[in-house]
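Q: Right, I'll just put the structure down here and ask away after.
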């Protein structure tokens, strides 16, 4: 059995790779899900929503080098970092978890339930908007079962 390592490309056909500028004073690990906050690329937080994201193909220690461009995969099959504690099955969506840049199982957002005597109308409307936003947080589709203790997983990035 082949050991998968974060940042391993599993299929070279159909890949979309770009060179991107790393945000000042940010370190990036190989295989992290990243995004551009407007000032450069860094590990994506779990609040990532409806924005372009990619996976770092190399590690970047900002203080160790003077050249701050790295290769980022935006579409393709790649091994990404995964938070341990949750199993993910092939075909399930993944999202960024509590640790920036690492994925976990995507769970659809649920609008609030209850009677009008429990919630104000604006609370229900905000709950629906929050649930819709949650549903924009997925970053790819799992392509290989990963156990809860696994720290990497194969994912089609850019598949929505």
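Q: If you stretched the chain out fully between residue 99 and residue 75, how much longer would it get, using 0.36 nm times the residue separation minus the C-alpha to C-alpha distance?
A: Gain on stretching residue 99 to residue 75: 6.4 nm.
Q: Once fully extended, how much extra length lies between residue 92 and residue 47, figured as 0.36 nm per residue of separation less the alpha-carbon to alpha-carbon distance?
A: 14.3 nm
Q: Still on this structure, I have one more. Given labels modelled 7 Å from the Cα in the Cβ direction, how far is it in nm from residue 63 to residue 149?
A: 3.4
Q: Which of rounded, prolate or oblate describes the range 10-79 when judged by the alpha-carbon gyration tensor and an a/c cut-off of 1.5?
A: Oblate shape, in that a/c is at least 1.5 and b/c is the bigger or equal ratio.
Q: Would you please give the FRET efficiency between residue 3 and residue 107, computed as 1/(1 + (r/R0)^6) with r the Cβ-Cβ distance and R0 = 25 Å, to the nearest 0.05?
A: Computed FRET efficiency for residue 3 and residue 107 comes out at 0.30.
Every number here is computed from the coordinates shown, using simple stated rules; none is lab data. Keep in mind the model is a prediction, meaning the values are calculated, not measured. For neighbour counting, all protein chains shown are included, and Cβ atoms are generated from backbone atoms with ideal geometry for every residue, glycine included.
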